[in-house]
Amino acid sequence: MEKFGFVGLPNAGKSSLYNALAGGGALAAPYAFATKDPNVGVAKVSDHRLDQLAAMSNSRSVVPAAVQFVDIGGLVEGASKGEGLGNRFLSAIREVDAVVFVLRAFAHTDVPGPCDPLEHLRVVEIELALADLDTVERQIEKRRKAARSDRSLAAEVAALDAAYASLDQGTPLYRSDLGEEERALLAPYFLLTNKPVLALVNLDEEGLADPEPLLAPVVAELAGTGEVIGACVQLEAEAVQLPPEERHEMLEAFGLGEGALPRFLRSAYHLLGLRTFFTTGEKESRAWTFRLGSKAPEAAGRIHTDFERGFIRAETIQWDVLLKAGSWAKARDLGLIRIEGKDYEVVDGDVMEFRFNV
Ligand SMILES: Nc1nc2c(ncn2[C@@H]2O[C@H](COP(=O)(O)OP(=O)(O)OP(=O)(O)O)[C@@H](O)[C@H]2O)c(=O)[nH]1
Ligand SMILES: [Mg+2]
């Protein structure tokens, strides 16, 4: 399962975000380094398409897609040199597939620390870039030497050089001008800034009423790099503790609809190039995760390895076309179900049935 790491300064609201997603379990407290060891949780990615398919099929169970998230302790200035609990936290960031910056924009006298999200972003980015600079510095001469006898390493060394130049300017790789190929060559180095990023600006109730001025500078700063979402994490963490009816009422009172978390999770999911196909029937309707560009057998393998090994063909239809038809049988009668072979590239929103033989 894909894993997101929450990264930010102390008291930004990372553990509160964890609690909002996991329904509790992490210590959220108004002092720095409240989090010492990472909290790991799983969140369901809600999807109205799945709900509609389940209703159509009268499914007894509904299984949404899920992502994993890790609440990591707060970074401080100097973390890359071991300040705070820097080294421990930086190594936890290495393991995640994508980084969610939690940037504080809520003001509260009882919670120490700055509440300018741009300041949060700058400090954190510099620390990550410095840590990466350190890694690249330690590797680059070794690789250069190796490249003298192995010409196939030339491109990797060039990528390391380009990474060095960017990081040396304090520019994280995700917003450098390194191309996709160069970034792929750097994958074996597990660099902290060679990952996709997303920013969550933690607003207070006042900010929630008029978020644009607080989000705009962060949006401008991360332009073209990662999505920026505003949320009042505290409010969402409190709402999740309530029974569904009251939760709904509370979020509605703030004009939040379903709350910010579903949108946040969907963005996170998309950020990683993750897409969804569905299976639906009386027993179960389920959302399955696949990577953008996957072929039908690979997608089938998400359900069971036998489906991939013995793949014969896929029967498929887009979710909304199926809904309009009213059932799989009717869709088949109308000739709307397509038969696809092993080269079919699965599309987000496909409803699939696989034929296989092992
Ligand atoms: N008023 C307000 N307080 C918040 C909000 N989000 C978090 N807090 C409070 O701020 C304090 C710090 O929140 P945490 O979630 O523990 O912060 P953290 O980022 O995990 O901090 P570290 O683990 O120390 O890095 C807690 O007392 C929270 O209750 C918010 O949106 N509004
Ligand atoms: Mg914490």
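Can you pull out the residues in segment 185-203 that are in a helix (DSSP H, G or I) and of a type in the set (Gly, Ala, Ser)?
Answer for segment 185-203, where residues must be in a helix (DSSP H, G or I) and of a type in the set (Gly, Ala, Ser): just Ala187.
Looking for something of a type in the set (D, E, K, R) and either under 22 Å from the mean Cα position of the chain (by Cα) or closer than 30 Å to Leu256 by Cβ (or both) - is there at least one such residue anywhere in segment 159-176?
Scanning segment 159-176 turns up at least one residue that is of a type in the set (D, E, K, R) and either under 22 Å from the mean Cα position of the chain (by Cα) or closer than 30 Å to Leu256 by Cβ (or both).
Pairs only if they're at least six apart or on different chains, beta carbon under 9 angstrom, first in segment 93-111 and farther than 16 Å from Phe264 by Cβ, second basic (Lys, Arg) and within 16 Å of ligand 2 (Cβ to nearest atom); list them, first residue then second.
Val111/Arg104
Of all the helices (runs of 4 or more DSSP H) wholly in segment 1-114, which have at least 1 residues that are within 14 Å of ligand 2 (Cβ to nearest atom) and surrounded by fewer than 21 Cβ atoms within 10 Å (Cβ to Cβ)?
14-22, 86-94
Taking the residues in segment 31-45 that are within 11 Å of ligand 1 (Cβ to nearest atom) and small (Gly, Ala, Ser) as candidates, determine which candidate is farthest from His108 (Cα to Cα).
Applying the filter and picking the extreme gives Ala34.
In the list Glu206, Glu238, Glu245, which residue meets the criterion of being at pLDDT below 95, outside any loop (DSSP other than H, G, I, E, B) and away from ligand 1 (no atom under 16 Å from the Cβ)?
That would be Glu245, the only listed residue that is at pLDDT below 95, outside any loop (DSSP other than H, G, I, E, B) and away from ligand 1 (no atom under 16 Å from the Cβ).
Listed residues Glu156, Glu182, Glu125; which is in a helix (DSSP H, G or I), surrounded by 15 or more Cβ atoms within 10 Å (Cβ to Cβ), in the same structural domain as Arg94 (by TED's automatic domain parsing) and in contact with a Gly (Cβ under 9 Å, 6 or more places away or on another chain)?
The unique qualifying residue is Glu125.
The values are calculated or read from the model by the stated rules, or taken from the named source; none is laboratory data. Predicted model, so just to flag it, every value in this text is computed and none were measured. Quick reminder, even Gly has a Cβ in these numbers, built from the backbone with ideal geometry, and neighbours come from all protein chains shown.
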